[in-house]
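To start, the structure itself, in C-alpha cells.
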Amino acid sequence: MKKKIAIIGCGGMGGGHAIAIGSGTGNAVYNADSSKELGTKIFDSSANTDISEKLELAGVYDSNPDRMKWAAERGFTLYESFDAVLKDASVDIVLVATPNHLHREMSIAAMRAGKHVLCEKPVMRSSRELEEVLAVSKETGCLFYPRQNRRWDRDFRIIKKIYDEELIGEVFRIESRVQGSRGIPGDWRKEKEYGGGMMLDWGVHLLDRLLFMISDPIETVNCRLSYILKEEVDDGFTMLITFAGGKSALVEVGTCNFVSLPLWYAAGTKGSAVIDNWRCEGKMVQLASWEDKDTTPIMAGAGLTKTMAPRDEKSLITQPLPDVVYDDNELYSNVVDVIEGKADQIVTGAHALRVMRLMEAAIRSSQSGETVRFEESKGR
Ligand SMILES: NC(=O)c1ccc[n+]([C@@H]2O[C@H](COP(=O)([O-])OP(=O)(O)OC[C@H]3O[C@@H](n4cnc5c(N)ncnc54)[C@H](O)[C@@H]3O)[C@@H](O)[C@H]2O)c1
C-alpha cells in the first residue's frame, strides 16, 4: 500500500521534495536535470525504485503565502496549517523541511499525532534535542528518519567502493571537502538561533558519510571553525579526526574559496585516488611494483630531492574511477519499507546522534584550541 506523505516547509528543499515525490520519479528529476547542466550522463536510472508505487504526495504546508502560491501553481494540494496536516488521518508520514530550529518541535508534534517523520538534515541543533526526539519516537512507535541524502551522491558511492573493496589497498587517510565561493546562503543559515552555520549545514553531510564508511571507533578530533565572513555563525571549518587503528580523516568546508580542492583524496597502502568534482572526474593511481625503489635525485624548486621525486610512468598504473550503479530513490523507498517492517533503517537516529556528538566535540575543540578525545557511547 502506498504511504501518503505531507511536506511542512515548502521552500528550496521542501519544494524540491514536492516536485520529486509529486512527479513520482523521485530524485531522478534532479539527476536528469543536472546531467544536462553538466553535459554528461552522471547516473544510471535503471537501478531507481519507482517511488510512485510507494509514496504519494498528500500535500504541502508553508507559513509563507508566496510559497503556498508557488505550490498551488504546480497543482499541489495545500494544507491551511501544520495542525491541519496532523489532523489528516490519511497522512502516514510528515516530511519536515523547515529551518533547523523548528525540526524538534515539529517532529515531536507529528509523532505525538501518530505520524512517522522524515526529517531534513541537520535533524536537530544539538544531541540533547535529538535524544529527546528519539525518546518520543521510541515512546510512540513512530519512525524518525534523518534525511542524510548525500550518502547517495555519486562521488561518495565511488569513494566508498574504493574504500570497501580496497581498490588502492587499505585506505589509511581520507580527505573529504566541499569548497564554494558564495558565502553562507540565505537568511536563517546565518543565525545561530535558527541552527545556522556551515558545520550544521554541510558538516553534517560530510561527517554522516564519513562515519557510514569508516566504522572504526573515533579517538580524537581537532577542529577550527572559520569566521572569515564575520557572521555570527561559522562559515566553514577544518577538522582532523583520528580513528583507533591508525586511520585519519581531514574534513573541510569552505565558503570563501575561489579555487576548489578535490572533493575526495584517499591514500591507500597500494595507491592513491582523487575525485575532483561532482562530475566525478578523477583517477586511481597504483604502483605496478615496488622494484623502482632507487632513483636519482631531481632538482625540485631550489633543492635536490630523492624522496619527492616523481615516479617513472612505467612503474605506475593509472586507472579511471570505478563505475557505480545504485538506486537514487533508496532513501525515500527505505522509509516506506521500514514502516512496513520489510527493511532495516539505512540512516538511523543512533547514527545521527553519533554525528551530532562528533560535531559538538569539534566545536569544543575549536573553542578550546585543543584536540578533544571522543567518547564513543557504549554498545555502539
Ligand atoms: N538534504 C539536503 O540536501 C538539503 C538541502 C537544502 C536544505 N536542506 C534542509 O532543508 C531544510 C529547509 O532548508 P531550505 O533550504 O529549504 O530553506 P528555505 O528557507 O528555502 O525553506 C524553508 C521553508 O520553511 C518555511 N517555514 C518557516 N517556518 C515555518 C513554519 N512555522 N511552518 C511552515 N513552514 C515554515 C519557510 O517559509 C520556507 O519556505 C533545512 O533543515 C535544511 O538544512 C537539506
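Looking at (1) within 22 Å of the chain's Cα centre (by Cα); (2) surrounded by fewer than 20 Cβ atoms within 10 Å (Cβ to Cβ), which is the one condition that is false for Phe258?
Here Phe258 meets the rest and fails (1).
What number goes with the only condition from (1) closer than 20 Å to Arg173 by Cα; (2) touching a residue at least 24 places away in the same chain (Cβ under 8 Å); (3) surrounded by 12 or more Cβ atoms within 10 Å (Cβ to Cβ) that Val274 does not pass?
Val274 satisfies all of (1) closer than 20 Å to Arg173 by Cα; (2) touching a residue at least 24 places away in the same chain (Cβ under 8 Å); (3) surrounded by 12 or more Cβ atoms within 10 Å (Cβ to Cβ) except (2).
Filter the range 4-36 down to the residues that are within 13 Å of the ligand (Cβ to nearest atom), outside any helix (DSSP H, G or I) and over 17 Å from Glu73 (Cβ atoms), then identify the one that is modelled with the lowest pLDDT.
Asn27
Of all residues in the range 45-67 being more than 26 Å from Ala343 (Cα to Cα) and in contact with a helix residue (DSSP H, G or I) (Cβ under 6 Å, 6 or more places away or on another chain), which is farthest from the ligand (Cβ to nearest atom)?
It comes out as Val60.
Just name the residue that is farthest from the chain's Cα centre (by Cα) out of those in the range 56-95 that are part of a loop (DSSP other than H, G, I, E, B), among the acidic types (Asp, Glu) and surrounded by 12 or more Cβ atoms within 10 Å (Cβ to Cβ).
Asp88
So which residues in the range 83-97 are touching a strand residue (DSSP E or B) at 6+ places or on another chain (Cβ under 6 Å) and of a type outside the set (D, E, K, R), if there are any at all?
Val85, Ser90, Val91, Ile93, Val94, Leu95, Val96, Ala97
Of all residues in the range 98-124, count the ones that are surrounded by fewer than 21 Cβ atoms within 10 Å (Cβ to Cβ) and in a loop (DSSP other than H, G, I, E, B).
Number of matching residues: 3.
Would it be correct to say that Ala84 is assigned by TED's automatic domain parsing to the domain that holds Val338, more than 10 Å from the ligand (Cβ to nearest atom), among the small types (Gly, Ala, Ser) and modelled with pLDDT of 95 or more?
For Ala84, the condition - assigned by TED's automatic domain parsing to the domain that holds Val338, more than 10 Å from the ligand (Cβ to nearest atom), among the small types (Gly, Ala, Ser) and modelled with pLDDT of 95 or more - is met.
Report, by residue number, each residue of the range 161-174 that is closer than 19 Å to Arg279 by Cβ and either surrounded by fewer than 18 Cβ atoms within 10 Å (Cβ to Cβ) or of a type in the set (Phe, Trp, Tyr) (or both).
If the condition is that a residue be closer than 19 Å to Arg279 by Cβ and either surrounded by fewer than 18 Cβ atoms within 10 Å (Cβ to Cβ) or of a type in the set (Phe, Trp, Tyr) (or both), then Lys161 is the only one that fits.
Pick from Met199, Met239: which is closer than 26 Å to Gly12 by Cα, surrounded by 23 or more Cβ atoms within 10 Å (Cβ to Cβ), touching a strand residue (DSSP E or B) at 6+ places or on another chain (Cβ under 8 Å) and aliphatic (A, V, I, L, M)?
Just one listed residue meets the conditions, Met199.
Suppose the filter is over 22 Å from Ala362 (Cα atoms), in contact (Cβ under 8 Å) with a residue 40 or more places away in the chain and not aromatic (Phe, Trp, Tyr); does Leu130 pass it?
In short, no.
Which members of the range 68-80 meet the condition of being out of contact with any helix residue (DSSP H, G or I) (no Cβ under 9 Å at 6 or more places or on another chain) and near the ligand (Cβ under 10 Å from one of its atoms)?
Met68 - this is the single residue of the range 68-80 that is out of contact with any helix residue (DSSP H, G or I) (no Cβ under 9 Å at 6 or more places or on another chain) and near the ligand (Cβ under 10 Å from one of its atoms).
The values are calculated or read from the model by the stated rules, or taken from the named source; none is laboratory data. Note that the structure is a prediction, hence the values are computed from the model and not measured. A quick note on method: Cβ atoms are made from the backbone with ideal geometry, for glycine too, and the neighbour counts reach across all protein chains shown.
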